[in-house]
Amino acid sequence: MNGDAPSDDSLIFTRVTTLWAAHRGEPFPDGLRWVDAPSGDPVPALDFYAAGCVNAYLAGQGVLDPQRHLILTECATDLEAILPALTGHDATYVARLIRMAELITQPPPCPGTISLSADPLA
């Protein structure tokens with residue numbers, strides 16, 4: 001294996017950076033303004049909480065403290081619960097938030113494994 005190959009952490013950081021740039025360029029969808037997650041939290045609040053965690057991850061060069069890790073995990077869980085009921089831009093917006101949360105909070109794959117993700121946001 002080439003010693004110059006990027007690490008999994010570096011690839012994840014780059015992917016989150018790319019997704020975040022796309023996400024920041026999108027206005028918050030009007031269709032999500034009055035939607036509540038099963039936890040009772042409104043989607044705009046979940047978006048705000050998740051954004052703070054993603055910003056912290058990027059500012060920390062790929063490191064996220066345990067409290068924000070928990071917050072981001074809980075936000076993603078709530079967003080995953082509402083995703084099946086969403087369509088169009090609303091669904092794309094929420095799916096991108098979920099994907100960033102997954103990339104940040106999931107442990108990297110074991111060395112030698114291959115990701116077979118069919119996720120178009122991956």
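The values are calculated or read from the model by the stated rules, or taken from the named source; none is laboratory data. Source: prediction; values computed, not measured. Every residue, glycine as well, gets a Cβ built from its backbone with ideal geometry; the counts of neighbours run over all protein chains shown. Ligands, DNA and RNA are stripped out before the accessible areas are found, and what is left, the full protein with its side chains, is counted by its heavy atoms. Shrake-Rupley method; radii C 1.70, N 1.55, O 1.52, S 1.80 Å.
Listed peptides 38-44, 48-54 appear in the order 48-54, 38-44 once ranked by packing, highest mean of other Cβ atoms within 10 Å at the front.
Computed from the C-beta positions of PHE48 and LEU11 and an R0 of 22 Å, the FRET efficiency is 0.20 to the nearest 0.05.
Kindly give Rg over Rh for the range 1-97, based on alpha-carbon atoms, with the Kirkwood expression for the hydrodynamic radius. Using only Cα positions, Rg/Rh for the range 1-97 is 1.03. Can you tally the net charge around GLY62? Count Lys and Arg as +1, Asp and Glu as -1, for every other residue whose Cβ sits under 14 Å from the Cβ of GLY62. With Lys, Arg at +1 and Asp, Glu at -1, the neighbours total -1.
Sorted on the mean count of surrounding Cβ atoms within 10 Å across their residues, most packed first, peptides 92-101, 73-82 read 92-101, 73-82. The listed residues LEU70, LEU58, LEU83, LEU32, once ranked by accessible area (1.4 Å probe) with the largest placed first, stand as LEU70, LEU83, LEU58, LEU32.
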